[in-house]
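A.B. asks: Input: one structure, supplied below.
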Amino acid sequence: QVQLLESGGGLVQAGGSLRLSCAVSGRGVSSYVMAWFRQAPGKERDFVSGISFAGITYYVDSVKGRFTISRDNAKNTVYLQMNSLKPEDTAVYYCAAGYNFDRLKIGQLVNVWGHGTLVTVSS
């Protein structure tokens, strides 16, 4: 059974950085397209960033230039490096795995979800 385990969340001041990790167990991370979503209090879960089979990355406009997604096949892990954090980045961040990049970006055809890690950015 494939599982995703996120880590790296925490409390950080505005302007600070965090690196989230998503460890994949049960199958190689290269078998999936991977993505990060986030859900702020009282809001829906939204796509943040994704990485395709070929390593092509995609970001929503609000995080472009600040967040970087990467994949380490040897460690079976996907990362989200978050710099210049803002209070509006506060949310629970979820890792997701699927096979169709275009559908995954809109939250469809998600094969596996992680349980989430909380990121809190103080002003």
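The values are calculated or read from the model by the stated rules, or taken from the named source; none is laboratory data. Computed from a prediction, not measured in an experiment: that's the story for all the values here. Please note: Cβ atoms are built from the backbone with ideal geometry, for glycine as well, and neighbour counts cover all protein chains shown. Just so you know, the surface numbers come from the protein's heavy atoms only, side chains and all, with ligands and any DNA or RNA stripped out. Shrake-Rupley method; radii C 1.70, N 1.55, O 1.52, S 1.80 Å.
A.B. asks: Check Gly15 against each of (1) on the phi > 0 side of the Ramachandran plot; (2) assigned to a strand (DSSP E or B) and name the one condition it does not meet.
C.D. replies: (2)
A.B. asks: Kindly list the number of the only condition in (1) in contact (Cβ under 8 Å) with a residue 40 or more places away in the chain; (2) crowded, with 18+ Cβ neighbours inside 10 Å; (3) of a type in the set (A, V, I, L, M) that fails for Ile69.
C.D. replies: (1)
A.B. asks: Which condition does Ala74 not pass, out of (1) over 18 Å from Glu6 (Cβ atoms); (2) touching a residue at least 24 places away in the same chain (Cβ under 8 Å), if it passes all the others?
C.D. replies: (2)
A.B. asks: Might you let me know whether segment 19-34 holds any residue that is in contact (Cβ under 8 Å) with a residue 40 or more places away in the chain, in a strand (DSSP E or B) and more than 12 Å from the chain's Cα centre (by Cα)?
C.D. replies: yes
A.B. asks: Also, I was wondering about something else. Go through (1) under 14 Å from the mean Cα position of the chain (by Cα); (2) in a helix (DSSP H, G or I) for Val48 and report which single condition fails.
C.D. replies: Condition (2) is where Val48 drops out.
A.B. asks: Quick one: which of Asp61, Asp102, Asp46, Asp89 is touching a residue at least 12 places away in the same chain (Cβ under 8 Å) and open to solvent by 70 Å² or more (accessible area, probe 1.4 Å)?
C.D. replies: That would be Asp46, the only listed residue that is touching a residue at least 12 places away in the same chain (Cβ under 8 Å) and open to solvent by 70 Å² or more (accessible area, probe 1.4 Å).
A.B. asks: Can you tell me which residue among Ser17, Ser21 is touching a Phe, Trp or Tyr at 6+ places or on another chain (Cβ under 7 Å) and small (Gly, Ala, Ser)?
C.D. replies: Unique residue meeting the criteria: Ser21.
A.B. asks: Restricting attention to segment 72-86, which residues are open to solvent by 30 Å² or more (accessible area, probe 1.4 Å), in a loop (DSSP other than H, G, I, E, B) and in contact with a strand residue (DSSP E or B) (Cβ under 7 Å, 6 or more places away or on another chain)?
C.D. replies: Listed by number, the residues that qualify are Asn76, Lys86.
A.B. asks: I've got another one for you. Return the residues of segment 36-62 that are in contact with an Asp or Glu (Cβ under 8 Å, 6 or more places away or on another chain) and under 22 Å from Val24 (Cβ atoms); say none if nothing qualifies.
C.D. replies: Phe37, Arg38, Gln39
A.B. asks: Additional query: Just to be sure I understand, how many residues within segment 105-123 are farther than 17 Å from Leu20 by Cβ, in contact (Cβ under 8 Å) with a residue 60 or more places away in the chain and not in a strand (DSSP E or B)?
C.D. replies: Count: 3.
A.B. asks: Can you name every residue in segment 1-43 that is open to solvent by less than 30 Å² (accessible area, probe 1.4 Å), hydroxyl-bearing (Ser, Thr, Tyr) and modelled with pLDDT of 95 or more?
C.D. replies: Ser21
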